[in-house]
1. Against the definition (in the same structural domain as L320 (by TED's automatic domain parsing) and under 21 Å from the mean Cα position of the chain (by Cα)), how does P445 come out, yes or no?
2. Tell me the residue from E149, E115 that is touching a residue at least 40 places away in the same chain (Cβ under 8 Å) and not small (G, A, S), please.
3. Is one or more of the residues making up segment 564-572 free of Cβ contacts under 8 Å to residues at least 24 places away in the same chain and part of a helix (DSSP H, G or I)?
4. Among what's in segment 479-516 and is of a type in the set (F, W, Y) and in contact (Cβ under 8 Å) with a residue 60 or more places away in the chain, pick the residue that is nearest to Q452 (Cα to Cα).
5. I need a count of the residues in segment 406-460 that are among the polar types (S, T, N, Q) and part of a helix (DSSP H, G or I).
6. So, N439, is that one modelled with pLDDT of 95 or more, closer than 25 Å to L526 by Cα and of a type outside the set (A, V, I, L, M, F, W, C) or not?
7. When the residues of segment 559-570 are narrowed to those that are closer than 18 Å to L25 by Cα and surrounded by 15 or more Cβ atoms within 10 Å (Cβ to Cβ), which ends up farthest from the chain's Cα centre (by Cα)?
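The values are calculated or read from the model by the stated rules, or taken from the named source; none is laboratory data. What you are looking at is a predicted structure, and each value in this text was computed from that prediction instead of being measured. Backbone-built Cβ (ideal geometry, glycine too); neighbour counts: all protein chains shown.
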Amino acid sequence: MAQNLEKLLRVNTIPAAVCMAFLLLFFSFLPNLNTCALPVGQSERKEESSDRKRRNTIAVLAITAVYAAAAFWNLGNTSSPESFLPMAGDSVVLQPLSDTVPAKLMLFSGVGQGEYTIETSEDQEGWIPVASFKQDHVSVLKWNTVDLELDSPPHYLRIRCLSGTPWLGEAVLKDADGNILPASCTEEALIDEQMLAPEKQRFQNSSYFDEIYHVRTAWEHLHTVWPYEISHPPLGKEILSLGILLFGMTPFGWRFMGTVSGILMLPVMYLFLKRVFEGNRIPLMGTILLASGFLHYTQTRIATIDCYAVLFILLMYLFLYGWLENGSRRDLALCGIFFGLGAACKWICLYAGAGLALLWAGHWIAAFIDAARKKQKLPAADFLRNIPFCLLFFVAIPGFFYYLSYLPYGRVQGFPVFSEPYTRMVLDNQKFMFDYHANIVAVHPYSSRWYQWIADIRPILYYLEYFPDGRRISIAAFTNPLITWGGLMSLPVLAWTAIRRKDRTAVFLLVAYASELIPWMFIRRLTFAYHYFASALFLVPCLCYLFVLMEKASPRLRRLTFLFTAVSVFLFVLFFPALNGLPVDGRKANLVFDWLPTWPI
């Protein structure tokens with residue numbers, strides 16, 4: 001207890017206290033709350049001049065370009081072994097072409113699991129084991145180092161697969177100083193990319209965290225191999241594979257599409273905020289807030305599938321708001337289409353779908369109540385016409401997209417798309433996914449629960465590496481504390497205006513936020529901070545709502561909203577090394593990054 005208290009009172013908790021003090025000051029300026037009185041009809045909006053539209057477009061593009069440069073910087077190597085050899089029940093022989101004794105064997109593992117033994121021989125007749133390597137699911141698509149205990153240069157070195165069905169990408173001999181030793185091989189594919197061997201395994205040259213599942217599955221889809229990761233729908237891995245097609249099976253290639261999705265979220269957020277709030281200043285500040293979001297940055301630079309689902313969720317709510325605002329059937333149809341694409345990536349989009357359904361039902365209930373109160377004709381005919389339209393775009397078309405996303409599975413099995421075996425395969429996978437997530441039992445040192453997410457208490461450390469000189473590299477997934485704590489404090493304000501002032505915008509934003517959070521309150525499986533990604537996204541428009549309230553109360557408070565945005569950007573710059581994976585001095589990093597004792601950054 002005493003040690004924990006001492007840790008809590010360390011000097012590096014001062015920034016957290018300063019940040020909270022700033023937030024308390026910010027919220028103390030909230031006046032007697034008004035309401036945004038939205039959504040408003042399209043006809044009620046002020047028409048912008050073409051010159052203003054052009055300036056705003058340039059501003060959004062500039063924000064997006066700066067963010068894109070930061071997002072692609074240090075993303076990963078653009079070169080990596082790409083020719084993989086199936087090793088099941090097979091072996092390859094290396095013949096060193098140097099008199100130097102090999103100290104290490106670096107293996108770039110492909111997909112699949114298995115065990116190898118490394119043996120030496122003078123004449124390729126009698127083989128003596130000198131090392132072994134187990135290629136488990138954690139070591140795929142990584143540079144792995146095997147220590148060789150040799151007293152003299154071997155004439156021949158054999159890598160023999162003892163079990164499993166592993167694929168191997170490259171085999172590189174190195175001396176004690178890390179220099180690459182020349183060698184010939186019975187399989188040219190294993191020595192054709194020798195110069196790509198790094199000093200050691202790092203996130204720039206190898207997979208990390210859940211990339212070991214999603215990247216390998218994307219490769220398997222491209223090469224008609226039965227996928228390893230089948231606990232989520234396939235579309236996310238198929239989108240991920242587009243980057244591999246463009247830039248090869250390299251860290252940059254498999255992280256490319258996720259990074260693009262993070263970049264695209266910025267203009268989409270601007271369009272969303274532009275629809276919700278009049279003017280351009282607030283939407284631009286909200287776009288900057290999203291660009292300075294820690295979780296948004298980290299989670300879209302790792303090759304997992306959450307980023308695609310979250311992009312589609314944002315698009316769903318963008319177009320649903322358009323329908324609520326002007327009754328556009330086109331917007332409602334696009335909302336349903338993006339719902340279908342998102343659900344085919346990850347089931348968290350079904351949570352968003354529940355939020356969409358609640359807002360849709362609330363719209364019609366309000367329409368009937370308003371008509372009855374005003375003694376007007378009830379909109380029964382419009383409601384009845386809308387039901388089959390929604391069944392088409394929120395059930396039939398999404399179901400069709402979802403069904404077609406299993407094409408890579410069917411191709412491996414040789415099942416025609418519209419066949420009974422293909423359909424049974426899809427249905428069986430739904431049962432497997434449900435059982436898997438319902439019954440998963442696991443522990444992890446960086447796991448966390450929903451109440452820790454909303455307070456930004458327990459980040460997840462994706463990557464950590466220490467250097468002999470005291471420097472370290474870390475990549476952490478957590479939210480910008482200013483946005484998280486400020487957004488959390490904004491929720492009661494929105495709830496107050498939603499209940500007391502019947503503000504539809506507040507209701508909309510609260511539903512968007514809560515629909516992605518509430519289901520996790522009842523889920524007992526292992527969870528992490530990144531599961532807050534979709535909910536945290538909507539803290540940005542919640543804060544923008546407060547900005548509107550303050551500026552409506554007094555134009556002088558506009559400076560405070562600008563200051564809030566500037567501080568958010570400052571924190572992003574301050575924590576950038578821990579988000580991007582840049583080496584920093586370990587002692588200084590502890591003082592700068594460890595705001596709370598539960599932050600392992």
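1. Values: in the same structural domain as L320 (by TED's automatic domain parsing): yes; under 21 Å from the mean Cα position of the chain (by Cα): yes.
Spelling it out, P445 is indeed in the same structural domain as L320 (by TED's automatic domain parsing) and under 21 Å from the mean Cα position of the chain (by Cα).
2. Values: E149 fails: touching a residue at least 40 places away in the same chain (Cβ under 8 Å).
Testing whether each residue is touching a residue at least 40 places away in the same chain (Cβ under 8 Å) and not small (G, A, S) leaves just E115.
3. In the first step, residues of segment 564-572 are kept if they are free of Cβ contacts under 8 Å to residues at least 24 places away in the same chain; the result is 566, 570.
Going one step further and asking which of them are part of a helix (DSSP H, G or I), we end up with 566, 570.
Within segment 564-572, one or more residues are free of Cβ contacts under 8 Å to residues at least 24 places away in the same chain and part of a helix (DSSP H, G or I).
4. Start the filter on segment 479-516 by keeping residues that are of a type in the set (F, W, Y), which leaves 485, 496, 508, 513.
Imposing the further condition that a residue be in contact (Cβ under 8 Å) with a residue 60 or more places away in the chain reduces the set to 485, 496, 508.
Working: W485: 12, W496: 24, F508: 24 Å.
Among residues in segment 479-516 that are of a type in the set (F, W, Y) and in contact (Cβ under 8 Å) with a residue 60 or more places away in the chain, the one nearest to Q452 (Cα to Cα) is W485.
5. Going through segment 406-460, the residues among the polar types (S, T, N, Q) turn out to be 413, 419, 423, 429-430, 439, 447-448, 452.
With part of a helix (DSSP H, G or I) added as a condition, the list becomes 413, 423, 429-430, 439, 452.
Summing the residues that are among the polar types (S, T, N, Q) and part of a helix (DSSP H, G or I) in segment 406-460 gives 6.
6. On the way: modelled with pLDDT of 95 or more: no; closer than 25 Å to L526 by Cα: yes; of a type outside the set (A, V, I, L, M, F, W, C): yes.
No, not satisfied.
7. L560
Here's the yes/no breakdown for (1) in contact with a helix residue (DSSP H, G or I) (Cβ under 8 Å, 6 or more places away or on another chain); (2) surrounded by fewer than 23 Cβ atoms within 10 Å (Cβ to Cβ); (3) assigned by TED's automatic domain parsing to the domain that holds Y317:
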| position | (1), (2), (3) |
| --- | --- |
| A189 | no, yes, no |
| D192 | no, yes, no |
| R216 | no, no, no |
| H221 | yes, yes, no |
| E238 | yes, yes, yes |
| L246 | yes, yes, yes |
| M265 | yes, no, yes |
